[in-house]
Amino acid sequence: MTKEQEAMLQRINRYAEQIMPDIDPQKTPISVQLENLKPIMETIASEQKRPIEDIFIEYMDLASEFSVQKAAQFKEDYLDFDMVQDDIYKSH
């Protein structure tokens with residue numbers, strides 16, 4: 001993910017937090033979430049002189065990539081925690 005892509009993802013996510021602070025992303029249909037994000041995506045599309053469809057697709061790709069990275073980091077942190085705990089238990 002480039003710095004520009006990361007900035008775009010963060011900008012959209014900040015917007016989402018402002019306009020949808022109390023939604024449950026697991027229970028709210030993606031179509032509703034994307035409809036709520038349409039104004040910021042239209043702004044970005046206009047700024048970048050790109051079709052809004054490209055912004056939607058890029059956002060979905062970036063959000064997916066970020067989610068995978070976050071899950072991998074969580075797994076790595078969890079494994080590190082398990083190793084520390086194993087070391088503690090073995091030392092007693």
Report summary line: In this structure, among K3/K70; K38/K75; K3/K49; K3/K75, pairs with alpha-carbon gaps over 28 Å are K38/K75
Report task. Determine the gain in length on full extension of the stretch R50-K3; use 0.36 nm per residue of separation and subtract their C-alpha separation, reporting nm with one decimal. Result -> 15.1 nm
Query raised in the report: Between F66 and E42, what is the spin-label point distance in nm, taking each point 7 Å from the Cα along the Cα→C-beta axis?
Result: 2.2
Report task. Provide the gained length on full extension for the span Q26 to E76, in nm with one decimal, where the gain is 0.36 nm per separating residue minus the Cα-Cα distance. Result -> 15.6 nm
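Read-outs throughout are calculated quantities, based only on the coordinates presented, and are distinct from any laboratory measurement. Remember, predicted model here, so these are calculated numbers, not experimental data. Note that each Cβ is placed from the backbone with ideal geometry, even for glycine, and that neighbours are counted across all protein chains shown.
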